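Visitor: Take a look at the following structure, please.
The values are calculated or read from the model by the stated rules, or taken from the named source; none is laboratory data. Model, not experiment: these values are computed from the prediction. With ideal geometry, Cβ positions are generated from the backbone for all residues, glycine too; neighbour counts draw on all protein chains shown.
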Amino acid sequence: MTGLKNKAYQPIYFLTGDEPYYIDIISNHIENNVLEESEKSFNQTIAYGVDVKVEQILENAKRYPMMAERQVVIIKEAQNIKDVKNLNLLESYFKNPLESTILVLCYKYKKIDLRTAFGKLVNSSGFLFKSEKIRDYKLGEWISQLIHVKGYRINPKNSALLADHIGNDLSRVVNEISKTFIHLKKGDELTEDLIERNIGISKDFNNFELTDAISTKNHLKYNQIIDYFSKNERDHPMLLSVGILYSFFAKVLIFHYTKDKSQGNLASVLRVNPYFVKDYQAAARNYSARKVLDVISLLREYDAKSKGFNNPSTPNGELLKELAFKITH
């Protein structure tokens, strides 16, 4: 897709996958940059899958541009095409597309069946773009790169804080982070205070700090955080806290059984930024491998309790306190 910036356009873009962010980036770029404003009224067609049939897509794609070098046809939400089973009707067009047409099919949240004749054709044509979800363990790094590209700085801890709080909805990540940029000059750092003021993530009361408090057995700190979570349960659901703790202690277990404990190797094996290796080293000193196995068992037990299994009435805040106490004792 690097050819887009150089105006080296392809006749077809079949954009598909579970991550809508990149699909929107590409289709919006084509929509806004290929044609001049004066050319768009006659030569740019934008339709939604729910409103269009495959025959109409073909009809639009086979038209010739009027007083312009090319025309653009964009089908948004193409996965909702009423007769989506008839996508194979596009097969002949994919084999011989009109060079003066740029056809964009935004097939979101789904993957085309690459075993079908049409799927195989799309896959081998060079027109297919797969937009995959960012893995959770790579999200912090993705956020750091995004902020760097925008011309600002952020440390790994704050990238992880944003990743844990916002999740891997990339459009939401970008929107939330953009709130901070108006307060920064190029080269400035996105700090905890700025994140707290503009995104609403408490620098003191978050899952990152909860995990740190439990891993270091700081009883006062984790109880204060859990009290805060109990009063703001909508923003701090127990399921999320348990999931993050589970991920952390699973890595502590891997740490124990990794022979090469050099920082570079551990960062690779644990799939974390080297900055965080020291956190797993500290936790491993407090929790033996045997204890970590017990912790993981506790986390599974309390995950079930938070969902109502073997727990008729205990509030989640009390469950989380109970869980933290059992982990640290």
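Visitor: Of all residues in the range 115-152, count the ones that are closer than 30 Å to VAL54 by Cβ and either polar (S, T, N, Q) or within 15 Å of the chain's Cα centre (by Cα) (or both).
Guide: 8
Visitor: Another question, then. Using the structure shown, decide if THR45 is closer than 18 Å to VAL122 by Cβ, crowded, with 17+ Cβ neighbours inside 10 Å and in contact with a helix residue (DSSP H, G or I) (Cβ under 9 Å, 6 or more places away or on another chain).
Guide: Here the answer is no, as THR45 does not meet what is asked.
Visitor: If you don't mind, another one. Which ones in the range 121-131 are more than 12 Å from ILE12 (Cα to Cα) and either exposed (fewer than 14 other Cβ atoms within 10 Å of the Cβ) or of a type in the set (A, V, I, L, M, F, W, C) (or both)?
Guide: Hits for the range 121-131 are LEU121, SER124.
Visitor: Pairs needed: first member in the range 184-196, assigned by TED's automatic domain parsing to the domain that holds LYS150 and among the charged types (D, E, K, R); second member anywhere, part of a helix (DSSP H, G or I) and buried (at least 17 other Cβ atoms within 10 Å of the Cβ); C-beta distance under 8 Å; at least 6 residues apart or different chains.
Guide: Short answer, once both residue conditions are applied: GLU192/ASN158; GLU192/LEU161.
Visitor: Further, regarding this structure: Taking the range 170-211 as the search range and keeping residues that are acidic (Asp, Glu) and over 17 Å from GLY243 (Cα atoms), which one is surrounded by the fewest Cβ atoms within 10 Å (Cβ to Cβ)?
Guide: ASP193
Visitor: Among the candidates PHE118, PHE129, single out the residue that is among the aromatic types (Phe, Trp, Tyr) and without any contact (Cβ under 8 Å) to a residue 60 or more places away in the chain.
Guide: Unique residue meeting the criteria: PHE118.
Visitor: Quick one: which helices (runs of 4 or more DSSP H) sit completely within the range 1-114 and have at least 3 residues that are under 26 Å from the mean Cα position of the chain (by Cα)?
Guide: In the range 1-114, the matching helices (runs of 4 or more DSSP H) lie at 20-33.
Visitor: So, one more: Looking for whichever is touching a residue at least 12 places away in the same chain (Cβ under 8 Å) and surrounded by fewer than 18 Cβ atoms within 10 Å (Cβ to Cβ) here; the options are LEU4, LEU35. Which one fits?
Guide: Going through LEU4, LEU35 in turn, just one is touching a residue at least 12 places away in the same chain (Cβ under 8 Å) and surrounded by fewer than 18 Cβ atoms within 10 Å (Cβ to Cβ): LEU4.
Visitor: Filter the range 305-328 down to residues that are in contact (Cβ under 8 Å) with a residue 24 or more places away in the chain and not in a helix (DSSP H, G or I) and give me whichever is nearest to LEU240 (Cα to Cα).
Guide: So, considering only residues that are in contact (Cβ under 8 Å) with a residue 24 or more places away in the chain and not in a helix (DSSP H, G or I), the one nearest to LEU240 (Cα to Cα) is LYS307.
Visitor: Within the range 145-164, take every residue that is surrounded by fewer than 20 Cβ atoms within 10 Å (Cβ to Cβ) and either touching a residue at least 24 places away in the same chain (Cβ under 8 Å) or aromatic (Phe, Trp, Tyr) (or both) and give me the one that is nearest to ILE244 (Cα to Cα).
Guide: LYS157
Visitor: Quick check: is even one residue across the range 163-170 at pLDDT below 90, outside any helix (DSSP H, G or I), in contact with a helix residue (DSSP H, G or I) (Cβ under 7 Å, 6 or more places away or on another chain) and over 19 Å from LEU319 (Cβ atoms)?
Guide: Among the residues of the range 163-170, at least one is at pLDDT below 90, outside any helix (DSSP H, G or I), in contact with a helix residue (DSSP H, G or I) (Cβ under 7 Å, 6 or more places away or on another chain) and over 19 Å from LEU319 (Cβ atoms), which makes the answer yes.
Visitor: Okay, moving on. In this structure, is ILE81 crowded, with 17+ Cβ neighbours inside 10 Å, more than 19 Å from ASN96 (Cβ to Cβ) and without any contact (Cβ under 8 Å) to a residue 40 or more places away in the chain?
Guide: Against the criterion (crowded, with 17+ Cβ neighbours inside 10 Å, more than 19 Å from ASN96 (Cβ to Cβ) and without any contact (Cβ under 8 Å) to a residue 40 or more places away in the chain), ILE81 qualifies.
Visitor: Quick one: which residue in LEU319, LEU270, LEU239, LEU245 is touching a Lys or Arg at 6+ places or on another chain (Cβ under 7 Å), aliphatic (A, V, I, L, M) and within 25 Å of ILE143 (Cβ to Cβ)?
Guide: Just one listed residue meets the conditions, LEU270.
The rows are residues; the columns are (1) under 19 Å from LEU15 (Cα atoms); (2) among the charged types (D, E, K, R); (3) out of contact with any strand residue (DSSP E or B) (no Cβ under 9 Å at 6 or more places or on another chain); (4) in the same structural domain as TYR21 (by TED's automatic domain parsing).
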{"position": "LYS40", "(1), (2), (3), (4)": "no, yes, no, yes"}
{"position": "GLU55", "(1), (2), (3), (4)": "no, yes, yes, yes"}
{"position": "ARG70", "(1), (2), (3), (4)": "no, yes, no, yes"}
{"position": "GLU77", "(1), (2), (3), (4)": "yes, yes, no, yes"}
{"position": "ASN86", "(1), (2), (3), (4)": "yes, no, yes, yes"}
{"position": "LYS95", "(1), (2), (3), (4)": "yes, yes, yes, yes"}
{"position": "CYS106", "(1), (2), (3), (4)": "yes, no, no, yes"}
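Visitor: Listed residues ASN286, ASN273; which is under 24 Å from the mean Cα position of the chain (by Cα) and assigned by TED's automatic domain parsing to the domain that holds LYS305?
Guide: ASN273
Visitor: Name the residues in the range 93-116 that are of a type in the set (Ser, Thr, Tyr), surrounded by fewer than 21 Cβ atoms within 10 Å (Cβ to Cβ) and modelled with pLDDT of 90 or more, would you?
Guide: TYR93, SER100
Visitor: Do any residues in the range 100-113 that are aromatic (Phe, Trp, Tyr) have Cβ atoms under 8 Å from those of residues that are outside any strand (DSSP E or B) and surrounded by fewer than 21 Cβ atoms within 10 Å (Cβ to Cβ), where the two are at least six apart or on different chains, and which pairs are they?
Guide: TYR107/GLN79; TYR109/ASP18; TYR109/PRO20; TYR109/GLN79
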